[in-house]
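See below for the structure under consideration.
Every number in this text was worked out from the coordinates using simple rules, so none of it is lab data. Just so you know, these numbers come straight off a predicted model, no measurement behind them. FYI the Cβ positions are ideal-geometry reconstructions off the backbone, even for glycines, and counts take in every protein chain you see.
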């Protein structure tokens, strides 16, 4: 396989029509046989891959380039997720704009060519596959919950359902409830994943104000949790479930790893990937 075929495979598995803005082939290869795949990658991992004879490094998270600069566009998928859950589109769009405004200065300041430039210098093929894997993971979590969780199901029951997924069962971290009570009912719920990064306060608060009772994130900043608790915690009926970053990313990565292995590639998973 070549790097373009690998990206196309990821996009196909995610049932997407094109490569999202937060994914990129930094250094292409026309012939890939051995892959070193990690949630994150850095220069050390690239050097290790080269010295160990790998043909390609795949990172889940963007490593720079257009993928890092284009992530603000991917945030718009949070608006799609909210709208599908019944949130009015104008409210969802406003929340996305607030999130984009918060992240834009950091994105603008990113040294977007640091890692890619060194990979080019070393002649080491490199790519990142972010949103396709996140979309695969979101669908797995969403379908797992929909298979047995109703509005009357307790939060505790929903957590037990998610923990049946092997990545969560094997992870060193637990699924945690950052706001709400285990005895609360799930009510109307939504898995807010696959949109660049967690939606933080802007996206979760929009959901809570518009009839969503339970938000499922894979990670969230502590300062945003405090804002949500200050605004909604006293009501006692809104729930914020946080599944864990590494395990949740692994749920979306593993189907791609399996597909690559089925096509004859040797894939070594490092940097946090929890294999079943």
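Points to keep in mind about this one:
- Gaussian network model of the chain, Cα within-10 Å springs - most flexible of 77, 12, 238: 12
- DSSP-defined antiparallel bridges as percent of all bridges, the chain, nearest 5: 25 percent
- Stretching residue 156 away from residue 12 to a fully extended chain increases their span by 48.4 nm, per 0.36 nm per residue minus the current alpha-carbon distance.
- Helix 200-209 and the long axis of the chain differ in direction by around 40°, with both axes built from C-alpha atoms.
- Ordered from longest to shortest, the equivalent ellipsoid semi-axes for the range 48-146 are 32, 20, 7 Å, each the square root of 5 times a Cα gyration tensor eigenvalue.
- Proxy reagent accessibility, fewest Cβ within 10 Å first, across 36, 228, 122: 122, 228, 36
- Of all beta bridges that DSSP places with both ends in the range 136-247, some 35 percent have antiparallel geometry.
- What the Cα atoms of the range 165-276 give is an Rg and a Dmax of 16.2, 54 Å.
- FRET efficiency, residue 33 to residue 111 (Cβ-Cβ, R0 25 Å, nearest 0.05): 0.20
- The range 205-224 versus the range 73-107: alpha-carbon centroid distance in Å: 13 Å
- Neighbour-count order for 183, 148, fewest beta carbons within 10 angstrom listed first: 183, 148
- Angle of helix 131-146 to the longest C-alpha principal axis of the chain, folded into 0 to 90 degrees and rounded to 10: 40°.
- Distance in nm between pseudo-label sites at residue 5 and residue 43 (7 Å out along the Cβ direction from Cα): 3.3 nm
- Tilt relative to the chain, helix 245-262 - C-alpha long axis, 0 to 90 degrees, to 10: 40 degrees
- Among 199, 157, 137, the largest mean-square fluctuation in a Gaussian network model of the chain (Cα springs under 10 Å) belongs to 157.
- The modelled label-to-label distance for the pair residue 234/residue 221, using points 7 Å beyond Cα in the direction of Cβ, is 2.5 nm.
- Ascending count of other beta-carbon atoms within 10 Å, so fewest first, for 262, 275: 262, 275
- For the residues 245, 108, 61, a GNM of the chain with alpha-carbon springs under 10 Å puts the largest fluctuation on 108.
- Approximate spin-label separation residue 169-residue 94, in nm, with each point projected 7 Å along Cα-to-Cβ: 4.5 nm
- Eigenvalues of the alpha-carbon gyration tensor of the chain, scaled by 5 and square-rooted, set the equivalent ellipsoid semi-axes at 34, 21, 15 angstrom, largest first.
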